[in-house]
1. Output the number of residues of segment 70-97 satisfying the condition of being out of contact with any strand residue (DSSP E or B) (no Cβ under 9 Å at 6 or more places or on another chain), touching a residue at least 40 places away in the same chain (Cβ under 8 Å) and part of a helix (DSSP H, G or I).
2. Among (1) modelled with pLDDT of 70 or more; (2) of a type outside the set (Asp, Glu); (3) outside any helix (DSSP H, G or I); (4) farther than 30 Å from Leu65 by Cβ, which single condition is Leu208 missing?
3. So, Val50, is that one assigned to a helix (DSSP H, G or I), of a type in the set (Val, Ile, Thr) and either under 15 Å from the mean Cα position of the chain (by Cα) or farther than 18 Å from Glu183 by Cα (or both) or not?
Amino acid sequence: MSRYLENIRIPVLLPRRQRAVNLLARAVLLKKYPKKLGEVQLVFSAIRLVDDAKTQYRNARAGLLAFARTRAANGYFWGVCSLETCILSLYRAVRLIEAFRRSGYVAADGKPVIPRSKGASILAKETFRRLTDLRHAIQHLDDRILNGELPRAQALGPRPQSTVLKIGRYSVRYRDLRDWITEADHVVARMMLVEQETQVRPNKPLQLADSACQAPGASQRRDKTARS
């Protein structure tokens with residue numbers, strides 16, 4: 001176990017000047033949040049989950065760096081468990097963010113408040129696919145152990161290395177995870193300010209799909225098919 005972390009390099013997650021939880025508290029108190037049915041809960045949950053992903057990432061970094069210094073097992077377990085929770089929270093947050101983006105909020109210039117993948121890689125289809133693979137690997141690990149499906153050569157859980165986290169046959173660089181969290185944090189901050197600086201396109205109900213981040217134009221094609 002120790003040889004994987006001799007030169008561990010987990011980048012720092014820089015704090016924002018105004019944390020998401022503070023934006024949320026202000027929005028609730030001042031009632032500056034979307035009024036469409038279901039979107040208050042969606043925004044609340046997205047911000048809560050992104051904030052948790054940030055906290056768990058920092059916990060993971062602290063735990064694994066402590067293990068690299070002291071070789072105390074509790075630091076290793078703290079780091080690994082925190083990375084698992086970080087990935088799960090970020091996956092859930094991205095699904096909610098994508099549902100909010102599809103609900104039709106646009107700025108005064110007609111551009112979406114929540115950009116497509118060109119403006120934020122956290123909303124790219126490839127990013128969501130990777131998060132989904134990691135999420136499934138974490139969620140189904142216990143079942144695979146109980147069913148005797150885990151290969152002998154596979155580590156009994158997530159395996160942190162110097163620059164990547166490996167979970168079964170999947171992996172993610174700490175740098176990518178840090179960047180995804182940072183982008184998600186910026187996106188949910190825009191979600192909180194939406195009422196003050198945007199208008200709403202009508203007839204865009206919330207829909208939380210199993211596969212978020214669909215290709216541009218997919219919803220329009222479905223609308224045309226439904227009308228025909």
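1. Selection size over segment 70-97: 11.
2. Condition (1) is where Leu208 drops out.
3. So Val50 fits the description; yes.
The values are calculated or read from the model by the stated rules, or taken from the named source; none is laboratory data. Since we're looking at a predicted model, the values are computed, not measured. Methodologically, a virtual Cβ is constructed for each residue, glycine included, from the backbone with ideal geometry; neighbour enumeration extends over all protein chains shown.
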